[in-house]
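Okay, so here's the structure we're looking at.
The values are calculated or read from the model by the stated rules, or taken from the named source; none is laboratory data. Note that the structure is a prediction, hence the values are computed from the model and not measured. Glycine gets a Cβ as well: all are built from the backbone with ideal geometry, and neighbour counts include every protein chain shown.
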């Protein structure tokens, strides 16, 4: 324990960050994916229903806004999402489904991203996690938007030119 | 080589393509829905006798039928939507054309056709995301999968 520590001579001190290389990006698209924020992607408008809605209520919202996914929220928190895939898989041949609560048919606890995350993280969730729609939360955990296939492609396309 | 350059130069054949499901127009909606469930695809292509795509029937159409309470014994020919010109890409087209086609047609799926105009596969947003991830793991895979922004407790506390 009695290791003798030599005091640093003035002028000998080396800043540990002095040889830090900032990340290099091959092009603008890669930089945008890593250094911008999800907030700059097209994340609005957002279609949502409350937790106590029925399946019919969600279908009405989807038909009205012509969207393929609604966020099910409870006091601003995303508790689930209900998408066209859920309709195809669970609702399509169940004639009694319409009156049932949405919570029986939604996909609970969706993976989310924050507005302050980088777009690459959203792409990561989509490609590796296999999620098609990702709700976007602000830093207070409130749902403020949603990212879907169209919007992601739109974002990539915008930065490709 | 950057991501942008690759998207511009590489061809559709380098994208992860999926086997497309093709059906004749007299298939019923119920059968098509069953096929989409079994293959875990969001879309079937309706083809003519020569195997050329004439239309497609997607999750969106299913959603519309369910919203409109349309019985499922009708045929997909009645409810399919025609595929616009930019909704089809060839194997030799650059990846950028897929992005462009998806943007123009506002579709999630594009039909990949061979040199004779027959359906050769299906590509879409998912394939595109996989392509970006596979080619640029440094960009995408290193991102944290956890969704929590803050830690619940102080580290070590």
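Some notes on this structure:
- Qualifying residue in the range B:37-56 (condition: touching a strand residue (DSSP E or B) at 6+ places or on another chain (Cβ under 7 Å) and part of a helix (DSSP H, G or I)): no
- Test: residue A:81 is within 21 Å of residue B:36 (Cβ to Cβ), away from every other protein chain (no Cβ under 11 Å) and under 13 Å from the mean Cα position of the chain (by Cα): yes
- So residue A:87, is it in contact with a strand residue (DSSP E or B) (Cβ under 8 Å, 6 or more places away or on another chain) and surrounded by 15 or more Cβ atoms within 10 Å (Cβ to Cβ): no
- Test: residue in the range B:14-24 that is part of a helix (DSSP H, G or I) and either farther than 19 Å from residue B:111 by Cα or away from chain A (no Cβ under 12 Å) (or both): yes
- Within the range A:46-161, strands (runs of 3 or more DSSP E) holding 2 or more residues that are farther than 30 Å from residue A:30 by Cβ: A:48-50, A:69-74, A:77-83
- Check on residue A:161, crowded, with 22+ Cβ neighbours inside 10 Å, more than 9 Å from every other protein chain (Cβ to nearest Cβ) and closer than 29 Å to residue B:97 by Cβ: no
- Qualifying residue in the range A:96-110 (condition: at pLDDT below 85 and more than 10 Å from chain B (Cβ to nearest Cβ)): yes
- Candidate set from the range B:3-13 (those that are crowded, with 16+ Cβ neighbours inside 10 Å and within 11 Å of chain A (Cβ to nearest Cβ)); member that is nearest to residue B:91 (Cα to Cα): B:7
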